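Input: a single structure, listed below in structure tokens.
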Amino acid sequence: MADGLLSQEEINALLGGDDNDSSSEIDVGEELFAGIDPISDTTAYDSSTALTPNEIDALGEIGNINMGTAATTLFALLNHKVLITTPRVEILTPQELIDSIGENIVTVSVDYTVGLSGSNLLMLKEADVRIIADLMMGGAGIDNGEQLNELHLSAISEAMNQMIGSSSTSMSQMFEKKIDISPPQAVKFESAREKIDALIGNENAVAKVSFKMQILESIIDSELMQILPISFAKELVDNLMNSMNKPSTPTPAPSKAEPQMQAQSQMQAQSQMQPQMQPQMQAQPQMQMQPQYTPGMPQSNIYQDVQVGMPQFQNFAQPLAIPGADNIDILLDVSLEVSVELGRTKKKIREILEFSEGSIIELDKLVGEPIDILVNGKFIASGEVVVIDENFGVRIKSIIRPENRI
């Protein structure tokens, strides 16, 4: 050994083999990595079940539309503005999923019953669940750190039911078919692994769609995760692609049969009128003006009679257009603001700036003079102040005539 370095012979002696014995080196490598799972066991999955880049983009777009609607619904429940950002889609193995979600997680299971056949999981942190439950019960959104109970789980189940219900409506419009869900069920992390195993089944990969969820005023700044089996994710993408590839329904052209039906109805009306006119036509030979009639004139008389009858039919419906006096009852329930004005005065800005506690403002009303009663800002009456129990009231003394109110 020179300069502190091992010679080739010393290296071979340590390895227990010859200079060119490559098999010994392989044995050493196998011993070094013995007991360690290959990387492919935890990260690789069947490429035939994975999603293509286009399918991942489509899945992200579906999640973006759904959570946009869900954020509006959650805002209505919590009375706080909710922001849910553009999703991030990942394809993970089951073990990678378990490692990424941590332990303090609540899982909400959502099953689709109509229109889609599949399930997905929504995952939130326990602290977020406590805050959302507190807001739903009228609190200030404070996480007191208490252990989750049935009240918290019921509250988050109802919130997710409303959110996913509105998302299903969006998907119904997107996929052009009816979509329904079963009531969501929320469970703690202890049961989350069972839910994940039941969701994945025999599949060796899942789609994880992560949304950044914020409730303004710094109440929540966290993450909402959606877990889908690859098969269900592909079903969602296929439905989106099918709805996009559907040919647009052409606007039906006006039917040619309509003019024919109108012509037939006119001919039937003429045929009904002709028997009525036959007695007149038979009586015409006795008249002195018989030589002046031509074959076309009886037909012109028929059309004149039809035109005379039509205005009479329209006049029959005219009374319906006359508004009845009872319609005024509709306005009787309209609320108006009634206010009482004790008096007024004008002050300069200098005087207003000098106001302080204890300052006295002199009004333009004299003691004992009636005060003004206004309805929606309009002066309608005068009265005097009275005391009713512990409240002030006004006794009307005079009402302004309508012509004087203008």
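The values are calculated or read from the model by the stated rules, or taken from the named source; none is laboratory data. The shown structure was predicted, so the numbers you read here are calculated from the model rather than taken from an experiment. Cβ placement follows ideal geometry from the backbone for every residue including glycine, while neighbour counts extend to all protein chains displayed.
Worth a mention:
- Being polar (S, T, N, Q), in contact (Cβ under 8 Å) with a residue 12 or more places away in the chain and at negative phi is not true of Gln147.
- Strands (runs of 3 or more DSSP E) completely within segment 172-263 that count 2 or more residues being within 22 Å of the chain's Cα centre (by Cα), small (Gly, Ala, Ser) and at pLDDT 90 or above: none
- Filter result for Glu103 (over 16 Å from Lys212 (Cβ atoms), assigned to a loop (DSSP other than H, G, I, E, B) and either touching a Lys or Arg at 6+ places or on another chain (Cβ under 9 Å) or not aromatic (Phe, Trp, Tyr) (or both)): yes
- Residue, surrounded by the fewest Cβ atoms within 10 Å (Cβ to Cβ), within segment 339-394, restricted to residues that are among the hydrophobic types (A, V, I, L, M, F, W, C) and part of a helix (DSSP H, G or I): Ile349
- Ser168 of a type in the set (Gly, Ala, Ser) and touching a Phe, Trp or Tyr at 6+ places or on another chain (Cβ under 9 Å): yes
- Qualifying residues in segment 93-127 (those that are surrounded by fewer than 17 Cβ atoms within 10 Å (Cβ to Cβ) and small (Gly, Ala, Ser)) - the one nearest to the chain's Cα centre (by Cα): Gly115
- In segment 142-190, residue farthest from Asn66 (Cα to Cα) [restricted to those that are of a type in the set (Gly, Ala, Ser) and out of contact with any strand residue (DSSP E or B) (no Cβ under 7 Å at 6 or more places or on another chain)]: Gly145
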